[in-house]
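What follows is a short report on a single structure.
Only the coordinates and a few stated rules stand behind these numbers; no lab work does. Predicted model only: the values in this text are computed from it and were never measured. Cβ coordinates were reconstructed from backbone atoms using ideal geometry, including for glycine residues, and neighbour counts include every protein chain displayed.
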Number of protein chains: 2
Amino acid sequence: MTLDAVLSRIDTDLPEALDRLLELLRIPSISTDPAYKADCARAADWLVEDLKSLGFEAASRPTPGHPMVVAHGGSGDKHLLFYGHYDVQPVDPLTLWDRDPFDPQVQDTAKGKVIRGRGSSDDKGQLMTFLEACRAWKAVHGTLPCKLTIFLEGEEESGSPSLIPFMQANAAELKADIALICDTGLFDDSTPAITTMLRGLLGEEMTIHAASKDLHSGSYGGAAANPIKILAKILGNLSDAQGHITIPHFYDGVAELPDTIRAQWQSLSFDHAKFLGDVGLSIPIGEQDRTPLEMLWSRPTAEINGIWGGYTGDGFKTVLPAQAHAKVSFRLVGDQDADAIRDNFRAWVEAQLPADCRVEWKSHGGGGASVMAIDDPAFEAARLALGAEWGKPAAYIGCGGSIPIAGYFKTYLDMDAMLIGFGRDDDQIHSPNEKYDLECFHKGTRSWARILAKLA
Amino acid sequence: MTLDAVLSRIDTDLPEALDRLLELLRIPSISTDPAYKADCARAADWLVEDLKSLGFEAASRPTPGHPMVVAHGGSGDKHLLFYGHYDVQPVDPLTLWDRDPFDPQVQDTAKGKVIRGRGSSDDKGQLMTFLEACRAWKAVHGTLPCKLTIFLEGEEESGSPSLIPFMQANAAELKADIALICDTGLFDDSTPAITTMLRGLLGEEMTIHAASKDLHSGSYGGAAANPIKILAKILGNLSDAQGHITIPHFYDGVAELPDTIRAQWQSLSFDHAKFLGDVGLSIPIGEQDRTPLEMLWSRPTAEINGIWGGYTGDGFKTVLPAQAHAKVSFRLVGDQDADAIRDNFRAWVEAQLPADCRVEWKSHGGGGASVMAIDDPAFEAARLALGAEWGKPAAYIGCGGSIPIAGYFKTYLDMDAMLIGFGRDDDQIHSPNEKYDLECFHKGTRSWARILAKLA
């Protein structure tokens, strides 16, 4: 049977597949930091060459930001698009890494072999599972399984500023029957999952300006506005004592969970104590009238992701700084409108400012939540394929993260998207010592071969 | 008349006096940053050599931190001690300086010539006014005016950790009739002042620890504790809507101003609008039932001098950090007890922490306020001498800053202290582009010559 031959080919080719991934991981393609612009281009070029070696017509396509990789290959009635991203998160604080984040290594751990390095899971390791499945298929069959478009972005970790214009300008070229996205996780270590609810994301940066220069807290303290204190007071009000977010109209468009989904989530063996216990915590801090799984998958958040101002070096400096800064993000669900929330948040901050201070805003993008239409038969086909590989049924789950691309495919290309990924909760994506389990890389590649066999 | 000869000598020697000050300002003696340890020692050595050239027996005396400069000279029944500090504040943000902070220069400005550079006012320029007065006296008389002890510290800007032990260990050597301290300012551009009330200072650094590592805000946001958000909520509560500080027992020991002092302050032509307007502000932000002069001179404060956590670079990173940090200081007045306030502040923070988070503390020292005994006749003598130099009576004023040394002289050496300085409000001490007016340097030196003539 040809699927068995493809799976067998994946097994024997694993060492070479791993070498290819390590090569890609050595390119520090941090999209948010302009210092790494050339490295992002290099990662795109590397993927173009790899896709060409599989018989794709592939190109690195320029944008005002980092390039898009677009490749076309295969033939047939069925047309699948695969999406992933080759950019990675920054690596600071570097001191918390056990090794150079861009000198990846396969390491033995108590839980098995892991691929350690920035992007190993998010998303280079995940996107390579699909490419490796195609490679094995090509080796066995001499052709790709069906008509395939590969679409790899380089700005996913920095708000995807070029994505929508690129999709709009190339809509006819990118349109397929369905989009496959590999940027999510397993439900637990051994249960595969298809993510059908994704939170949206809105990113805002604020600078509060008070005095025209830094002041001495002895000469001015007590009379002159301190922008750090003002920032703390305003952002300290983001959530009330019950964990509810206090910005006016914030919950507009947030619906209660449908009973069917609620019942399915309750049947999942989600270990709340372990989830927080694994990272040294014990108390779910969100809305106190919600379960942690609801907090993560179906409720919106307001978080401060960065704050800075005044003297932050060794020792002490009795300064009242001229400015204080924060980066604030919101995870959105249901029909919450990112633009409206941006406006309401800004007005809410400005209403709390002393009249002689001002706030300067910088937008880091925004996009609403996505809820997939799981009645498309491709979902059930993929669910069965995943179940065959992992030995237990795949779950339809929610996801606390934001992969706005899923919604964009619907909005701009009128395509459904299917989110299938093989990350584990302890992958430490966006954190020091990110890893991807070798088992996930291997079984992920095998899973895609099975899914392609069902869908093609 | 010999005083005239001394004053005349000061006038003709001004260019050389300026050269000496510029040489001292070129030494980057930032005491709070360990990277500048050797520079602090170099500044101490420079002063020892200068004092020796004036006939003092002078030495750089080691401490566990930066050295103390102690010098003895002159003779007679009257024994005066002079205190200043040779260390300076850090210089960041460096981008806001118009020139290298340690490449000082005399510049022409609309308000006259200024000496621009870190420490030009606080405190190298100020301490050199006393040394230059001694130099001129020696040149004219061949001797110093009386028995003099010079005591120069190198840790004033970093909490003075070695000061009390050094004073205790050398109490007999340092004890004099009265201490003269030159680290304060004029009341306004042309009115000399003797500072008789100084606020105390307590410095605390806090780190809130939440998760055991940085988390992805998509995977954990809404359920896991965010230490920045917790920090903002707690520190946002430091003051209430009326500007009152909310820490329990914070106002214990804060007395109302005596009527005599209140009347004298009301007679001072303090321009509240100009005071804040000069730094781009208009609204006094402290206790709303107090005048700005009270806020600055006789009321306590709670300020955040530094805050940091999460991602603070370019772009955006959706991280929930493991830690968040703040540096908080309190200006103390009257009989407020620094140790009690430290304990109450820490308990107040800890009571607001979620049970699965913890706070780590670092003390940056603390000392109470000082109120001088102005019935000592030396105060009236100095007030008359200052009036003669500046052409208008000197004022007894308060000071928002903290010069704990004044209290230490009382506590550990049973000496009164007289605070006389020549800084102006726009000197930008602790800020970029610090300056000292050449007029202040010149008339300050002349003022000390007149005061020495009265007191000796």
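Kindly give the distances from A:D98 to its copy-mates, label point to label point, with each label point 7 Å from Cα along Cα→Cβ, as nm values to one decimal ordered shortest first.
5.4
Using a simple charge model, +1 on the beta-carbon of Lys and Arg, -1 on the beta-carbon of Asp and Glu, nothing else, what dipole does region B:1-159 show about its Cα centre, in debye to the nearest 20? Display every interim value, and only then the final one.
Numbers: 17 positive and 26 negative charges, 75 e Å.
With Lys and Arg at +1 and Asp and Glu at -1, about 360 debye.
Which value, in Å³ per residue, describes the convex hull spanned by the Cα atoms of region B:1-118? Don't skip to the answer; put the middle values down first.
Values: hull volume 16.8 nm³, N = 118.
Per residue, the Cα convex hull of region B:1-118 comes to 142 Å³.
So what's the convex hull volume per residue for the Cα atoms of chain A, in Å³? Please report the intermediate quantities before stating the final value.
Values: hull volume 71.0 nm³, N = 456.
Expressed per residue, the convex hull around the Cα atoms of chain A is 156 Å³.
Give me Rg over Rh for the protein assembly as shown, both radii from the alpha carbons and Rh done the Kirkwood way, two decimal places. Can you show the working numbers first?
Values: Rg = 33.8 Å, Rh = 30.8 Å.
Here the Rg-to-Rh quotient is 1.10.
How far apart, in nm, are the 7 Å Cα→Cβ label points at A:S282 and A:A5?
Rounded to a tenth, the inter-label distance reads 5.8 nm.
How big is region B:120-272 by Rg and Dmax over its Cα atoms, in Å?
For region B:120-272, the Cα-based Rg and Dmax read 24.3, 79 Å.
Could you quickly flag the chain B residue whose beta carbon comes closest to the rotation axis taking B to A, and that distance in whole angstrom?
Residue with the nearest Cβ, plus whole-Å distance, for chain B: B:G236, 1.
For B:L180, which sequence-distant residues (separation of 5 or more, or a different chain) have an amide H within less than 5 Å of its own amide H, given hydrogens modelled in the peptide plane?
B:L81, B:F82, B:Y83, B:M418
So the label point sits 7 Å from Cα along the Cα-to-Cβ vector; using that for A:A340, what distances do you get to the other copies, in nanometres, sorted shortest first?
5.3
If one computes the Cα centroid of region A:210-250 and of region B:137-182, what distance in Å separates the two points?
42 Å
Using only Cα atoms and rounding to the nearest 10 degrees, what angle (0 to 90) does helix A:377-390 make with the longest principal axis of chain A?
Here the helix axis deviates by roughly 80 degrees.
For helix A:124-141, report the angle its Cα long axis makes with the longest principal axis of the Cα atoms of chain A; keep it between 0 and 90° and round to the nearest 10°.
Taking Cα atoms only, the helix is inclined about 10 degrees.
Over the Cα atoms of region A:199-343, compute the convex hull volume and normalise it per residue, giving Å³.
142 Å³
Given bins 5 angstrom wide, list per bin the percent of all Cα-Cα distances in region A:306-456, short to long.
With a bin width of 5 Å, the distribution comes to 1, 7, 11, 13, 14, 13, 11, 9, 7, 6, 4, 3, 1, 0.
Eigenvalues of the Cα gyration tensor times 5, then square-rooted: what semi-axes does that give for region A:243-290, in whole angstrom, largest first? Present the calculation step by step, with values, prior to reporting the outcome.
Working: eigenvalues 111, 75, 8 Å².
Equivalent-ellipsoid dimensions as semi-axes: 24, 19, 6 Å.
Once every DSSP H run of n ≥ 4 in chain B is given -39500 (n - 2.57) and the sum is divided by its residues, what mean residue ellipticity at 222 nm do you get, rounded to the nearest 500 deg cm²/dmol?
Helices in chain B give a 222 nm mean residue ellipticity of -10500 deg cm²/dmol.
Run through the other copies and list how far each one's label point is from that of B:L268, in nm with one decimal, shortest first; the point sits 7 Å from Cα along Cα-Cβ.
Ordered by increasing distance: 6.5 nm.
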